[in-house]
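In what follows, a structure is listed as structure tokens, so that the remarks can point back to it.
Every number here is computed from the coordinates shown, using simple stated rules; none is lab data. This structure is a prediction, so every number in the text was calculated from the model and none was measured. Cβ atoms come from the backbone with ideal geometry, glycine included; neighbour counts cover every protein chain shown.
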Amino acid sequence: MTRVLHLSDTHVSRTGPDEDGVDGVAALRQLLYDVRHVPALDLVVVSGDIADDGSREGCEVVRSLVGAFAAERGIPHIYSTGNHDRREGFAAALSHGHLGPDGSPIGRRADIDRVIAGVSEVNGLRVITLDSLVPGKTQGVLGRDQLEWLAAELATPAPAGSIVVLHHPPIFVDAIPYLESVVLQEPSALGDVLARTDVRAVLCGHLHHQLSGMLRDKPVWVTPGIVTRIDLTAPSTLARGVLGAGASVVDLSGSPLFYTLHARDPRANTEVYTYNPLTGEGL
Ligand SMILES: [Fe+2]
């Protein structure tokens with residue numbers, strides 16, 4: 001098991017575009033076409049905000065496009081919830097998020113009330129999805145029951161180690177004042193569970209821009225968004241969203257390597273919105 005295509009934040013709605021009018025379906029199609037030359041993929045993961053409006057229909061469109069890409073390669077496709085998702089719509093379209101090459105569920109769902117966490121094994125690599133969704137909130141939280149389940153799963157090492165997929169990053173950039181309030185709250189609780197286990201990487205989305213850091217002894221990778229990219233050249237108090245889908249390849253053949261792929265979209269970098277996330281004020 002060596003190579004993972006990591007996607008996130010497709011934000012497809014029941015009618016197609018997201019709340020900013022951006023066509024996530026077209027962005028996802030373009031990106032999947034442009035990454036077609038990545039060799040020897042073993043797995044696709046999508047780390048949340050599948051549906052912009054939380055709808056089953058939005059999740060089904062993403063499942064169909066990513067599923068076709070995965071089926072062509074004979075590899076599983078695995079999804080976690082994000083803050084835009086709703087658990088009912090997610091589960092109706094994607095079960096517990098772990099789907100085999102033919103689209104049928106693989107692995108098992110955590111037996112935790114109202115939480116869609118799951119685990120499966122792909123060529124010896126254990127893939128664990130966590131559910132950091134808090135309905136109606138932008139930030140993420142992992143409850144004690146989910147952390148206890150995670151610790152129990154990780155108590156036994158997997159043949160090729162593990163990756164953990166969750167929407168909200170347990171890291172943030174200090175210099176960007178709005179970030180701490182929107183990422184995973186109490187990240188040290190997750191760090192305590194993961195420390196000294198066989199987890200090789202923590203894969204996240206949510207920020208719509210790539211970012212790497214460490215959570216205790218574990219590398220954390222945040223992949224850019226499909227629907228929009230957050231442009232960090234904006235003043236640090238502002239979030240500027242621009243067009244331009246991105247994805248990552250996570251290479252686990254040795255020490256984890258993470259690299260970014262950008263869709264070949266001539267409209268890339270066109271501004272979609274700029275606003276102050278702390279006040280909600282637009283520009
Ligand atoms: Fe998002």
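Values as computed for the structure displayed
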{"item": "Extension reserve of the residue 251-residue 111 stretch, reckoned as 0.36 nm per residue once the Cα distance is removed", "result": "47.3 nm"}
{"item": "Value of [θ]222 nm, deg cm²/dmol, for the chain, DSSP H segments ≥ 4, -39500 (n - 2.57) each, nearest 500", "result": "-6000 deg cm²/dmol"}
{"item": "Gained length - residue 233 relative to residue 36, 0.36 nm times residue gap less alpha-carbon distance", "result": "68.0 nm"}
{"item": "Debye-sum result for the range 152-208 in log10 I(q)/I(0), which assumes one identical scatterer on each alpha carbon, at q = 0.14, 0.16 Å⁻¹", "result": "-0.44, -0.55"}
{"item": "Helical segments meeting 24 Å axial Cα length and Kyte-Doolittle -1.0 threshold in the chain (DSSP H)", "result": "56-73"}
{"item": "Share of alpha-carbon pairs per 10 Å distance bin for the chain, given as whole %", "result": "7, 33, 39, 19, 2, 0"}
{"item": "Positive minus negative residues near residue 158 (Lys, Arg vs Asp, Glu; Cβ under 11 Å)", "result": "-1"}
{"item": "Highest to lowest packing among 258-265, 193-200, 87-94, 48-55, scored as the average C-beta count within 10 Å", "result": "48-55, 87-94, 193-200, 258-265"}
{"item": "Net charge dipole size for the chain [Lys, Arg +1 and Asp, Glu -1 on Cβ; Debye, nearest 20]", "result": "520 debye"}
{"item": "Most to least packed among 16-22, 124-130, 27-33 [average Cβ atoms within 10 Å]", "result": "124-130, 27-33, 16-22"}
{"item": "Computed over the chain: relative contact order in percent, which uses C-alpha pairs under 8 Å that are six or more apart", "result": "19 percent"}
{"item": "Sorted peptide list for 205-213, 181-189, criterion being average Cβ within 10 angstrom, highest first", "result": "205-213, 181-189"}
{"item": "Residue 19-residue 264 FRET efficiency (beta carbon distance; Förster radius 22 Å; 0.05 resolution)", "result": "0.30"}
{"item": "Pairwise FRET efficiency - residue 188 versus residue 278, Cβ, R0 = 25 Å, nearest 0.05", "result": "0.60"}
{"item": "Percent RCO, i.e. relative contact order, over the range 104-209, from Cα pairs under 8 Å lying at least 6 residues apart", "result": "26 percent"}
